[in-house]
Amino acid sequence: MTMKIIDRHNFLSVVCVSFTLIVCGKLLFEKMIGFTDRFYTENIFTCLGVCVLATFVLAMHYYLQRFPFIPVVIGQYIFLIGVIFALIWIAGNFTDMAPSAYKDMFISVTIPYVIGAAAYYISYFMQIKKANDIFSKLD
C-alpha cells in the first residue's frame, strides 16, 4: 500500500511547522550556551531554505516506495547533504565562507533532518498500520 504523507496541500504547513521548531530549537540552544549569532538574518533564511529542501526530499518518498526502504532513506539523506554541500561550494565562489562551513552545515542539517525523518517515517508506518487494521476489519 502506498500513502502520501506530504503532498501539495500540506507542503507549506509542514515546512512552516518544521521551520518554527528548528528556529526555536536553534534560539533556545544558542541562549543556553550564551552564543550570539552575528549572521542571524542569513542563518534564519538558510534554515528556511533547508526546511523547504528537506521537506521536499522527504515528500519524494511517495515516489520511491517501490524501492527498498533503507537504501531510499540513505539516498534521501545523501541527496540532501550533497545539495547542501554543492550550495556551500557555489556560495564559496562568491563570498567568504568559514573554514568550518561544511562541518557546521553537516551538523546543523543532519541533526534536525534525522529527527524530522524519524518523525515522518514513524508517522508513515503508523498510518500504514492503521490502514491495514481498517482493511483487516472489513474482511
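The values are calculated or read from the model by the stated rules, or taken from the named source; none is laboratory data. Since the model is a prediction, treat every value here as computed from it, not as a measurement. Neighbour counts are summed over all protein chains in view; Cβ atoms, including those assigned to glycine, are modelled from backbone coordinates with ideal geometry. SASA here: full protein model, heavy atoms, side chains in, ligands and nucleic acids out. Shrake-Rupley method; radii C 1.70, N 1.55, O 1.52, S 1.80 Å.
Worth a mention:
- Within the stretch 91-123, the residues that satisfy the criterion of being open to solvent by 90 Å² or more (accessible area, probe 1.4 Å) and in a loop (DSSP other than H, G, I, E, B) are Asn93, Phe94, Asp96, Pro99.
- The single condition among (1) assigned to a helix (DSSP H, G or I); (2) open to solvent by less than 80 Å² (accessible area, probe 1.4 Å) that Asp37 does not satisfy is (1).
- Any hit, the stretch 66-73, residues being under 24 Å from Phe19 (Cα atoms), surrounded by 13 or more Cβ atoms within 10 Å (Cβ to Cβ) and either touching a residue at least 60 places away in the same chain (Cβ under 8 Å) or not basic (Lys, Arg) (or both): yes
- Being open to solvent by less than 60 Å² (accessible area, probe 1.4 Å) and assigned to a helix (DSSP H, G or I) holds for only one residue in Glu42, Glu30, and it is Glu30.
- For the stretch 118-139, taking the residues that are touching a helix residue (DSSP H, G or I) at 6+ places or on another chain (Cβ under 8 Å) and more than 18 Å from Thr20 (Cβ to Cβ), the one that is modelled with the highest pLDDT is identified as Tyr121.
- Selection from the stretch 1-27 of residues that are within 14 Å of Val50 (Cα to Cα) and open to solvent by 100 Å² or more (accessible area, probe 1.4 Å): Leu12, Leu21
- Taking each residue of the stretch 41-65 that is modelled with pLDDT of 90 or more and looking for partners that are open to solvent by less than 60 Å² (accessible area, probe 1.4 Å) and of a type in the set (Phe, Trp, Tyr) with beta-carbon atoms closer than 7 Å, six or more apart or interchain, yields Cys47/Phe19; Leu48/Phe19; Cys51/Phe19; Ala54/Tyr113; Thr55/Phe11; Leu58/Tyr120; Ala59/Phe11.
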